Amino acid sequence: MSEELIKQAKEKFAVIIEEQLMRVEEMKKGAAWTDFSKLSPIIIGVCFGDGIGEIISKHAETVLSHILKDEVANGKVKFKDIAGLTIENRAAQKKAIPDDVLEEIKSCHVILKGPTTTPQKGDNWPNIESANVAMRRYLDLFANVRPVRIPQEGIDWCFFRENTEGAYVLGSKGFDVTEDLSIDFKVITEQGAERIIRMAFEYAKNNNIDRVTVVTKSNVVKTTDGRFSQVAFRIANEYPGIKLDEWYIDIMTAKLIDPARRKDFKVMVLPNLYGDILTDEAAQMQGGVGTAGSANIGKHWSMFEAIHGSAPRMVKEGRAKFADPCSMIRASAMLLRHIGYPERAEKVEMALEVCGTYEKKMVITGRDSGVTGEEYTQYLLSWVDNPELKTRWGQGVNKS
Ligand code: IPM
Ligand code: MG
């Protein structure tokens, strides 16, 4: 009996190894980056998602289309609303991303994506994979870039979370070997580690930052995290002006809330699961996960989203219209920068900071004690268009 089970497990394992080796070969080919300056029109796909996702992505689309109205008018940019990335449709088709939706997504250059519901053990949905995780894998969105800024404290972090490997890439391929033994897998490849680590170093170099921190648990998870760390030290040799230090994930979560040390960190690069956890902690310090945006960058496509989920509890309690759209608006700013409009991205980011940190004429609390997402979006847009924006933002920063 157990011999048969072991044989079956080996067969499953063999398939996994074959798939991962194929992925390595793909990465070795080194695809070219999309050149947005040569695209016309640039197609921005919008997937609205579930729960509060539907509402806050609409607000983000309002901001984006306001900012890009001239480009939309002259045909340089086109918006495409993509229906069907909902839990109901995904459950009905038993697919993380239904085929027709994936085709639509692939026909765009960049995607703005609202949070989608991820089924979990014990809820009523079929056990389909997370749409986020699937999209990152299908589109090879290997870099999850998550900035967190707390200007009053001098904190300006940028997390580079590996997005296609680690504990996630095989997250839905683990299996119960026997009725008592469950096994999951974690994968790190040389190429996968290199591309995210290189991106972190390039970011540091381009922004005159002299320190990159790699976060692992390589003292214990020796093989995969060990490789990630080794690759980081190898790449660091190519950047003589930048110092690399390694921190273990446990002490890193502690240091992030150490007021004496935390602002010294600048650029952090980490395997998938550690990046998932640490960026929620960081976002909470910035004002909540509702304030943080996330870019999922691949060479061909990129996807921009909130770092949080679809908040079914808010919907159930009738609070969806009070959901904070800032995460999706921050993601939109990252999208603008990615497709070649850095000044406009900056405007949105400055307006977010003026409204959320300095002026605070309206506050969003997630309930009726604050304004609605719609009202907040209009407040923000009034600052985006305000000629005093930069001055007001500068005053706020100097005050800190
Ligand atoms: C995130 C989210 C996702 C993840 C979930 C929704 C699957 O937490 O983007 O950080 O774990 O990556
Ligand atoms: Mg997360």
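Nothing in this text is a laboratory measurement; each read-out follows from the coordinates by a stated rule. Keep in mind the model is a prediction, meaning the values are calculated, not measured. Here the Cβ positions follow ideal geometry from the backbone for every residue, glycine too, while neighbour counts run over all protein chains shown.
Could you name the aspartates and glutamates whose alpha carbon sits less than 19 Å from that of LYS361, not counting residues in the same chain fewer than 8 places away? Excluding near neighbours in sequence, the set is ASP324, GLU349, GLU353, GLU374, GLU375, ASP385, GLU388.
The separation of segment 202-241 from segment 32-58, counted between C-alpha centres, amounts to 31 Å.
Could you give the distance between the Cα centres of segment 260-281 and segment 114-184, to the whole Å? Comparing the Cα centres of segment 260-281 and segment 114-184, I get a distance of 16 Å. Only the Cβ atoms of Lys and Arg (+1) and of Asp and Glu (-1) were treated as charged; on that basis the dipole of segment 146-293 about its Cα centre amounts to roughly 580 debye. Straight-distance candidates among the aspartates and glutamates for linking to LYS106, with alpha-carbon spacing under 17 Å and chain neighbours fewer than 8 residues away dropped: ASP35, ASP81, ASP140, GLU305.
Comparing GLY174, ILE251, ALA236 along the charge dipole axis of segment 146-293, the residue lying farthest to the positive side is ALA236, per the Cβ-charge model.
What percent antiparallel are the DSSP beta bridges of segment 146-293, to the nearest 5?
Around 40 percent of the beta bridges assigned by DSSP in segment 146-293 are antiparallel ones.
Here LYS266 is the anchor, and the lysines within straight C-alpha reach of less than 19 Å, apart from those fewer than 8 places off in the same chain, are LYS205, LYS243, LYS255. With respect to the chain, whose longest principal axis is taken over its alpha-carbon atoms, helix 190-206 is tilted by about 20°. Roughly how tilted is helix 373-384, in degrees to the nearest 10 and between 0 and 90, from the longest Cα axis of the chain? Its long axis makes an angle of about 60 degrees.
For the chain, what is the charge dipole size about the Cα centre, in debye to the nearest 20, if Lys and Arg each add +1 at the Cβ and Asp and Glu each add -1 at the Cβ?
Dipole magnitude for the chain comes out near 840 debye.
Rounded to the nearest 20 debye, the dipole size of segment 104-150 about its Cα centre is 220 debye, using +1 on the Cβ of Lys and Arg and -1 on the Cβ of Asp and Glu. For segment 146-293, pairs of C-alpha atoms spaced more than 20 angstrom apart make up 49 percent of the total.
Of the peptides 203-212, 372-381, the ranking by mean beta-carbon count within 10 Å, highest at the top, reads 372-381, 203-212.
Under 11 Å from the Cβ of ASP184, count the other residues' Cβ atoms, weight Lys and Arg +1, Asp and Glu -1, and hand me the total.
Net local charge, ASP184 excluded: +1.
For segment 74-220, the relative contact order works out to 13 percent when only alpha carbon pairs closer than 8 Å and six or more residues apart are counted. Within the P(r) computed for segment 84-233, what percentage of the Cα pairs occupies the region above 24 Å? Result: 48 percent of Cα pairs exceed 24 Å. Rounding to the nearest 10 and keeping the result within 0 to 90°, find how far the Cα-based axis of helix 52-67 lies from the longest principal axis of the chain. It is inclined by approximately 50 degrees. Over the chain, how many percent of alpha carbon pairs lie in each 10 Å bin up to the one with the longest distance? With 10 Å bins starting at 0, P(r) equals 5, 21, 32, 27, 12, 3, 1, 0. For the peptides 65-74, 136-145, the ranking by packing is 136-145, 65-74, with the highest mean count of neighbouring Cβ atoms within 10 Å listed first.
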